[in-house]
Amino acid sequence: MVAPPPIDGVLALLDELVAFDSVALTPNVDLIDHVVAYLRPHCTDIALTHDETGTKANLFATIGPAVDGGIMLAGHSDVVPVDPADWATPPFTATRVGDRVYGRGTADMKGFVACVLALVPRFAALDLVRPVHVALTFDEEDGFHGAPILIDSLGDHPRPASAIVGEPTGLQVVGAHKGCYEYTTTVTGMNGHSSRPTEAVSAVHHATRWIGGLLGLAGELADRAPADSRFEPPYTTTNVGVVGGGLARCTVAADCAFEWEMRPVQGTDAGFVKERMAAVEADLLAEMRTVHPGAAIETEVVCEIDGLEWDEGSPAIALMRSLLDGDPPTGVVAYGTEAGLYQAAGIPSVVWGPGDIAVAHRPDEFVEVADLEACLEVLTRLAGVLRD
Ligand SMILES: [Zn+2]
């Protein structure tokens with residue numbers, strides 16, 4: 001049996017990580033460089049991949065032999081923004097108050113990352129048969145920009161057999177979440193006086209018809225839901241959250257833009273919605289262009305995050321069952337994570353980590369020290385798996 005490292009080491013690492021104000025969409029290379037310096041003596045390989053500016057990096061580190069079949073411990077390095085005025089403690093200082101550590105990212109998800117980093121020297125000192133990999137991404141919290149770049153590079157490395165994505169689940173095993181596909185659609189028509197609508201093309205009217213087409217899919221999406229769907233509601237939903245366009249009541253609107261999303265319960269539903277909306281759009285455009293050939297409907301992808309689909313036979317769930325000794329309840333969550341992307345890339349994944357999602361993304365975010373201790377103890381049991 002390998003004993004867990006002391007919790008003081010985890011708390012010291014958490015102090016260091018929280019001190020980097022690695023807010024999503026801002027550079028994170030300082031944090032990654034710091035982690036690389038820590039990992040360097042213990043790793044057989046450390047690979048970084050960057051965004052096009054070079055100011056943001058993903059890390060993929062390997063401890064142990066360069067063979068397939070290892071375990072990937074995955075997290076994101078970024079956090080959501082703060083308004084320090086709302087905080088009782090400085091947000092970028094890990095502050096111990098009683099049994100809790102406060103600070104941005106303590107729950108989501110630098111607490112998990114600190115546990116993983118604390119274990120690396122332990123794992124490196126063992127005679128591992130299979131490797132453990134540490135994956136750290138950028139911009140998870142705003143568009144999931146980092147993980148796809150990291151996934152593209154995974155072909156250059158040994159292939160992990162499973163991934164644990166350490167989002168704050170209160171240490172409950174999460175085997176599925178819906179996808180999150182976000183878009184902004186812009187409709188361009190032609191303005192005119194509202195008394196002569198046939199000589200203009202209303203972007204607002206055509207946008208409402210487009211939106212009507214989207215909302216009209218609700219019944220079919222409900223019918224498509226798998227009978228054993230674990231989600232609530234069990235089917236894929238859509239939402240139009242923001243609409244803007246036009247100038248005045250008496251003017252035909254030349255522009256209208258709307259922000260919308262869908263949360264697929266299965267990958268095929270996203271394709272279904274896109275196919276249907278392409279047909280709706282083609283009809284609208286044909287009509288619009290009889291009056292104004294320059295009319296357009298353009299959709300910008302904000303993000304397309306695959307859901308984590310339930311897989312009873314998943315090696316990642318089997319791994320968690322062995323680590324947690326028995327048959328832990330395995331649930332689903334409503335929020336998206338990188339686990340869906342890793343699963344879609346062929347790496348069976350679960351979501352499991354310390355901290356409560358209810359305090360993440362809020363002022364006075366915290367993690368219980370007991371949660372970190374429990375996380376550390378369970379992850380330490382990976383030593384047994386990796387030596388078999
Ligand atoms: Zn997170």
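Take the Cα of Tyr335, go 7 Å toward its beta carbon, and the backbone nitrogen atoms of segment 91-129 under 14 Å from that spot belong to 104-112. For the chain, the longest principal axis of the alpha carbon atoms and the long axis of helix 203-215 meet at an angle near 50°. Using a simple spin-label model with pseudo-atoms 7 Å out from Cα toward Cβ, Ala218 and Asp283 lie 1.9 nm apart. Surface analysis of the chain yields an accessible area of 42 Å² per residue, using protein heavy atoms and a 1.4 Å probe.
Computed from the C-beta positions of Arg40 and Thr184 and an R0 of 41 Å, the FRET efficiency is 0.45 to the nearest 0.05.
Annotation: average projected area of segment 180-305 is 7.9 square nanometres, based on the convex hull of Cα atoms across all directions. Compared with the dominant principal axis of the Cα atoms in the chain, helix 7-18 is inclined by about 30°. Placing unit charges on the Cβ atoms of the charged side chains and taking the dipole of the chain about its Cα centre, the candidate lying farthest along the positive direction among Val273, Val369, Met1 is Val273. The rule of thumb for compact globular proteins, 2.2 N^0.38 Å, goes into the C-alpha radius of gyration of segment 231-306 1.35 times. Taking all protein chains together and rolling a 1.4 Å probe, Thr53 ends up with roughly 90 Å² accessible.
When the Cα atoms of the chain are aligned to their principal axes, the ranges along those axes come out at 80, 47, 37 Å in descending order. Note on segment 310-381: Cα-only Rg and Dmax are 13.6, 39 Å. Of the solvent-accessible surface of the chain, computed with a 1.4 Å probe and all protein chains present, 53% belongs to carbon and sulfur. Between segment 28-59 and segment 137-165, the alpha-carbon centres lie 13 Å apart. When the surface is traced with a 1.4 Å probe over the full set of protein chains, Thr169 keeps roughly 20 Å² accessible. Using bins of 5 Å that start at zero, the share of Cα-Cα pairs per bin across segment 1-126 amounts to 2, 10, 19, 22, 19, 14, 9, 4, 1, 0, in whole %. Taking Cα atoms only, the orientation of helix 111-124 departs from the longest principal axis of the chain by about 40 degrees.
The values are calculated or read from the model by the stated rules, or taken from the named source; none is laboratory data. Just so we're clear, the structure is a prediction, and the values are computed from it rather than from any experiment. Don't worry about glycine lacking a Cβ; one is built from the backbone with ideal geometry, like all the others, and counts go over all protein chains shown. Remember, those area values only see protein heavy atoms, side chains included, never the ligands or the DNA or RNA. Shrake-Rupley method; radii C 1.70, N 1.55, O 1.52, S 1.80 Å.
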